[in-house]
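The values are calculated or read from the model by the stated rules, or taken from the named source; none is laboratory data. Fair warning: this is a prediction, and the values are worked out from it, not measured in the lab. Neighbour counts are summed over all protein chains in view; Cβ atoms, including those assigned to glycine, are modelled from backbone coordinates with ideal geometry. Side chains are part of the model used for accessible areas, which takes the heavy atoms of the whole protein and leaves out ligands, DNA and RNA. Shrake-Rupley method; radii C 1.70, N 1.55, O 1.52, S 1.80 Å.
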Amino acid sequence: MTFERLAFPLFAALALTPANLLAQAAPARPAAGSGYAATAYTYADLADLSANAPVVIDAQIKSAIRIEEGAPAGMARFYVEATVRSLIRGPAGSPALVTYVADVPVDARGKPPKLKKMRVLLLARQVAGKPGALQLLAPHAQIPWSQPVDTQLRAILGELTAAGAPPRITGIRSAFHVPGTVKGEGETQIFVQTETGNPVSFSILRRPGEIARWSVALGEIVDEAAGPPKPGTLLWYRLACALPPQLPERAIDPGDPANAAQAREDYRVVRDGLGPCERRHPAIQVSSRPR
């Protein structure tokens, strides 16, 4: 997976005053029709934000000053002050009051939501040299609070920091198929590249008259009984949202065309089994991240 510099520099070099904000470049526009509600976030959306945010805060908005210029079409821009209810992730000793800039969608009449007193989840990074000033990780990184999203977010953060957490996937290293002793029998092994170098691999088993079975292993030993990852888990997210749609040709052993074709077919079994990585917001792409 390739990560690039954040595409909305407004939040990156913030001198957090309304006058100075107008001189900054506008942030990227959120996906059309994303809405402004906690229900507008999929597991992948929350995992994208959680995996890249050094600071995660449960906050209540104290004041929101509208900035009349610079907001993208369909959005309203605000300079926000918020009281920290709890620091979910971040350095100890963070200020009790934080400030940041947020773009929020307007309704059909051009009216923004009422932000004052709204409880929100903030996924951000600190602005260097400005205590209490935050840079939202993305235009959709201010999330209206709800108990289900709060619970989901904390669960993802827990998985990210757990021992043996699944590493970021960066590509496919190699794949090969070994036919069995009878027609229709065989095994394909696919080895995945990771950011940490920790091994991740797939095993796809075929037996005559049976549906192909596949499993994923985090480690040197392939446990065929492990099976596929459960959807809505960090391992599923790492795989479904990062693996390429097709097996790269450079990763396939070209020695036997029939075995190479079987390896491609078995990779499709894995991709189909994982299912789509559904996002309602653009994927987070940053140059530096906590995990």
| message | I'm checking my understanding of the structure. Among residues of the range 147-173 that are of a type in the set (D, E, K, R) and in contact with an Asp or Glu (Cβ under 9 Å, 6 or more places away or on another chain), which one is farthest from Asn52 (Cα to Cα)? | response | Asp150
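Residue by residue, here is whether (1) in a loop (DSSP other than H, G, I, E, B); (2) loosely packed, with under 12 Cβ neighbours inside 10 Å holds:
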{"site": "Ser174", "(1), (2)": "no, no"}
{"site": "Val192", "(1), (2)": "no, no"}
{"site": "Leu205", "(1), (2)": "no, no"}
{"site": "Gly227", "(1), (2)": "yes, no"}
{"site": "Lys230", "(1), (2)": "yes, yes"}
{"site": "Ala242", "(1), (2)": "yes, no"}
{"site": "Gln285", "(1), (2)": "yes, no"}
| query | Does the range 1-15 contain any residue that is at pLDDT 90 or above and open to solvent by 30 Å² or more (accessible area, probe 1.4 Å)? | reply | no
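Mind telling me which of the residues Glu210, Glu265 ends up being assigned to a helix (DSSP H, G or I) and either more than 26 Å from Val182 (Cβ to Cβ) or among the charged types (D, E, K, R) (or both)? Walk me through how you get there before you give the answer.
Working: Glu210 fails: assigned to a helix (DSSP H, G or I).
Unique residue meeting the criteria: Glu265.
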| Pair list, Cβ under 9 Å, 6 or more apart: the range 125-154 residue of a type in the set (S, T, N, Q), other residue in a helix (DSSP H, G or I) and open to solvent by 20 Å² or more (accessible area, probe 1.4 Å) | Ser146/Thr39; Gln152/Tyr43
| said: I need the full set of residues from the range 79-95 which are surrounded by 15 or more Cβ atoms within 10 Å (Cβ to Cβ), farther than 14 Å from Arg119 by Cβ and within 25 Å of the chain's Cα centre (by Cα), in order please. | reply: Leu87, Arg89, Gly90, Ser94
| request: Could you check, for the range 54-65, whether at least one of its residues is under 25 Å from the mean Cα position of the chain (by Cα) and over 21 Å from Gln126 (Cβ atoms)? | output: no
| Among (1) in a strand (DSSP E or B); (2) modelled with pLDDT under 95; (3) open to solvent by 40 Å² or more (accessible area, probe 1.4 Å), which single condition is Thr170 missing? | (2)
| note | Apart from one, (1) at pLDDT 95 or above; (2) within 23 Å of Cys241 (Cα to Cα) all hold for Val101; the odd one out is (2)
| note | Among residues of the range 133-143 being of a type outside the set (Gly, Ala, Ser) and more than 10 Å from Tyr41 (Cβ to Cβ), the residue modelled with the lowest pLDDT is Pro139
| field | Enumeration of residues in the range 129-162 that are closer than 16 Å to Ala38 by Cβ and surrounded by fewer than 13 Cβ atoms within 10 Å (Cβ to Cβ) | value | Gln147, Pro148, Thr151
| query | So, of the residues in the range 99-128 that are closer than 17 Å to Thr83 by Cβ and not in a strand (DSSP E or B), which turns out to be most open to solvent (accessible area, probe 1.4 Å)? | reply | Lys114
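Taking the range 56-72 on its own, how many of its residues are small (Gly, Ala, Ser) and either surrounded by fewer than 16 Cβ atoms within 10 Å (Cβ to Cβ) or at positive phi (or both)? Quick ask: steps written out before the conclusion?
Narrowing the range 56-72 to residues small (Gly, Ala, Ser): 59, 63-64, 70-71.
Next cut, either surrounded by fewer than 16 Cβ atoms within 10 Å (Cβ to Cβ) or at positive phi (or both) only: 63, 70.
Count: 2.
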| Which ones in the range 268-283 are open to solvent by 30 Å² or more (accessible area, probe 1.4 Å) and assigned to a loop (DSSP other than H, G, I, E, B)? | Pro276, Cys277, Glu278, Arg279, Arg280, Pro282, Ala283
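Report yes if Ile284 is more than 21 Å from Glu159 (Cα to Cα) and at pLDDT below 95, otherwise no.
No: the conditions fail for Ile284.
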